[in-house]
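Working notes for the structure below.
The values are calculated or read from the model by the stated rules, or taken from the named source; none is laboratory data. Predicted model only: the values in this text are computed from it and were never measured. Using ideal geometry, Cβ is built from the backbone for each residue, glycine included, and neighbour counts are taken over all protein chains shown.
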Amino acid sequence: MAGLSALAVAGKRGFDALTDGGRAEGATERRPAARWAMVIDLRKCVNEGGCTDCIAACDRAHNVPHFDERAHDVKWIWREPFEKAFADHGSPYTEDAFKGASLPVLCNHCDNPPCVRVCPVKATWKRDDGIVMMDYHRCIGCRYCMAACPYGARSFNWLDPRPRVKELNPDFPTRTKGVVEMCNFCEERLAKGRAPACVEACGEQALVFGNLHDPGSEVRRLLRTRHAIRRKPELGTGPNVYYLV
Amino acid sequence: MSDRVLIVGGLVLFLALVTLPLWFNVAAGTTSKLPELTLPEGKDPFGTAEYMRASHMDLLMTWRDEVVRNQERTVVGLDGKTYAKSLTGTCLACHVNRATFCDRCHDYAAVKPTCWECHLEPRPVQRAAQ
């Protein structure tokens, strides 16, 4: 619980800064008070073999549909084998350490998001606080963003998703056929000062969320004290999901 | 001149047939019948009935863009209270029945808004809580 409360404090601090004038209604001047990021502790996570609490929480919170056909599947946060998520990290002698292990992957909310660059209708954009946001109203379903994303973090609704949502959450909209969707770092929860659903759901507290601009935040403390890797940083996307190894 | 009866009779019959739909509606009592809407108590904090009738869609679109694009999530109503810019959270908190408020008028006006393709009606318990 200590980690969670620390996160809550960090999140709150970020929000105090956000709401402190910079984002007041009608204000024209904005300052990026926060840079949201996630740190995933693989020592805590991969040991929980088969655990899908974070995925289930996300799917419930955001009405993520499930299709039997793999080509139709929609994913916000999902599990990927280590050697697939970190294809360039394997060596014949080290891969035993993570053999059979899978880890949660999601949108990396990149500093330089290629999906944003290619969107022809500005349906997706990068917010000041680092979140790669999407306007489902605006999406025309061209799927350029899916082609551009090197992490496969975006999904297309080939079929009407609503009948395929297990339990509809009326606080969040569903999507329609022909629209791309992706993780939004729970921006709707952040606006209320709450941590993302996946972070809150993790019993092991393997997922930590916080503000990189705050040197005292839990994410900064973890990144200071532990070795962290990111997925495909060589592509220059600047991913903001860190994995502690 | 002996055709006068035929001509006038034919004209009357023609007019009667052409205007039959109108008479039909008059007989059925559906002429100029406006949709009956379930209205909530009290005043709308976002504008007069005339304004809302004409411009609620513009208001909702503006709210939508402000929330999604600019993270400006609240609005101060005419009553001085702060509200969330939310169709399902704020509007439907008072206009509790989509079927007898939104849909009836939209059906009458033959417009098909796409809001409900994604947005979900709030749970009844939530309405009670608000």
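Laid out as a table, the results:
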| read-out | value |
| --- | --- |
| Of all residues making up the range B:23-43, the number that are touching a residue at least 40 places away in the same chain (Cβ under 8 Å) and small (Gly, Ala, Ser) | 1 |
| Condition check for A:Asp129: among the charged types (D, E, K, R) and either part of a strand (DSSP E or B) or in contact with a Pro (Cβ under 8 Å, 6 or more places away or on another chain) (or both) | yes |
| Residue match in the range B:59-72 (condition: among the hydroxyl-bearing types (Ser, Thr, Tyr), under 30 Å from A:Leu190 (Cβ atoms) and touching a residue at least 12 places away in the same chain (Cβ under 8 Å)) | no |
| Candidate set: the range A:190-233, residues that are free of Cβ contacts under 8 Å to residues at least 40 places away in the same chain and not in a loop (DSSP other than H, G, I, E, B); chosen: the one nearest to A:Met133 (Cα to Cα) | A:Pro233 |
| Of all residues in the range A:94-111 being part of a loop (DSSP other than H, G, I, E, B) and at pLDDT 80 or above, the one that is surrounded by the fewest Cβ atoms within 10 Å (Cβ to Cβ) | A:Asp111 |
| Candidate set from the range A:189-204 (those that are among the hydrophobic types (A, V, I, L, M, F, W, C) and within 13 Å of chain B (Cβ to nearest Cβ)); member that is surrounded by the most Cβ atoms within 10 Å (Cβ to Cβ) | A:Leu190 |
| Candidate set from the range A:166-188 (those that are more than 10 Å from chain B (Cβ to nearest Cβ) and crowded, with 19+ Cβ neighbours inside 10 Å); member that is farthest from the chain's Cα centre (by Cα) | A:Val180 |
| The range A:141-165, residues that are assigned to a loop (DSSP other than H, G, I, E, B) and away from chain B (no Cβ under 14 Å) | A:Cys142, A:Arg143, A:Cys149, A:Pro150, A:Tyr151, A:Gly152, A:Ala153, A:Arg154, A:Trp158 |
| Helices (runs of 4 or more DSSP H) (entirely within the range B:7-119) containing at least 1 residues that are among the hydrophobic types (A, V, I, L, M, F, W, C), in contact with a helix residue (DSSP H, G or I) (Cβ under 9 Å, 6 or more places away or on another chain) and within 14 Å of chain A (Cβ to nearest Cβ) | B:49-70, B:115-118 |
| In the range A:68-87, the residues that are over 26 Å from A:Ala97 (Cβ atoms) and touching a Phe, Trp or Tyr at 6+ places or on another chain (Cβ under 8 Å) | A:Ala71, A:His72, A:Asp73, A:Val74 |
| Condition met for B:Glu121 (under 18 Å from the mean Cα position of the chain (by Cα) and either among the acidic types (Asp, Glu) or modelled with pLDDT under 90 (or both)) | yes |
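Each row is one residue, and each column tells you yes or no for (1) modelled with pLDDT of 95 or more; (2) of a type in the set (Gly, Ala, Ser).
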{"residue": "A:Arg143", "(1), (2)": "yes, no"}
{"residue": "A:Ala153", "(1), (2)": "yes, yes"}
{"residue": "A:Leu168", "(1), (2)": "no, no"}
{"residue": "A:Lys177", "(1), (2)": "yes, no"}
{"residue": "A:Asn184", "(1), (2)": "yes, no"}
{"residue": "A:Lys192", "(1), (2)": "no, no"}
{"residue": "A:Gly203", "(1), (2)": "no, yes"}
{"residue": "A:Val208", "(1), (2)": "yes, no"}
